[in-house]
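J.: Before anything else, here's the structure in question.
The values are calculated or read from the model by the stated rules, or taken from the named source; none is laboratory data. Note that the structure is a prediction, hence the values are computed from the model and not measured. Here the Cβ positions follow ideal geometry from the backbone for every residue, glycine too, while neighbour counts run over all protein chains shown.
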């Protein structure tokens, strides 16, 4: 830091400012590396009373960050601030508690070299959405265009599971044939320019693919009872509606 203070005490010409930024980047890289080594050396503590915690948090209501509207699953091996951590299906987004619940991407959108989960683990409070009042679902989310925080009403529902082993294994969904049917629309006519249904990479409306499947197409997939039809590695929503053809 002595080097940085010495440079900052010099006249602020263009070369000096460039050198200051270079030194800051060096210190930032050293700090990042130190946190990385510390994370490898110190084992993460699992959350306490895992069997009493919600196994999933179902989140809906974000407007500026629709990717946060999804199911987050409890990580049984990790904790932050001695509190549980929940992850999105692809482990790109996590929920954790400091004073209140916060939602944050694992990688910093402005610098993918920065691991924001490690920032939270070692005392930082990163996040693009933050709970304000748990009783009425008031949150704030960050507006990247203005740099301000906007209020938003969010529903966060905890889903508990019986941790005991089931007496009989659950029945595995069977592959069956379905038809992409437009019959639920008035007079069976879908909206103009809606030629079919989009595929999704996961069971989240924020994971829509560009490819579609046309109305009337017969397709084979597995219905797991949650309004999503699994077709290979992708999913189709069943609300508009892929009905069983048999």
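J.: Does residue 77 satisfy being assigned to a strand (DSSP E or B) and surrounded by fewer than 17 Cβ atoms within 10 Å (Cβ to Cβ)?
T.: yes
J.: Within region 27-66, restricting attention to residues that are assigned to a helix (DSSP H, G or I) and at pLDDT 70 or above, which residue is nearest to residue 149 (Cα to Cα)?
T.: 66
J.: Select from region 125-134 the residues that are in a strand (DSSP E or B) and buried (at least 17 other Cβ atoms within 10 Å of the Cβ) and list them in ascending order.
T.: Passing the criteria: 129, 130, 131.
Yes or no, residue by residue, for (1) in the same structural domain as residue 229 (by TED's automatic domain parsing); (2) assigned to a strand (DSSP E or B); (3) at pLDDT 80 or above:
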position	(1), (2), (3)
112	no, yes, yes
123	no, no, yes
136	no, no, yes
144	no, no, yes
150	no, yes, yes
179	yes, yes, yes
199	yes, yes, yes
212	yes, yes, yes
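J.: Take region 156-177 and flag every residue that is under 30 Å from residue 61 (Cβ atoms) and either assigned to a loop (DSSP other than H, G, I, E, B) or at pLDDT below 80 (or both).
T.: 160, 161, 162, 163, 173
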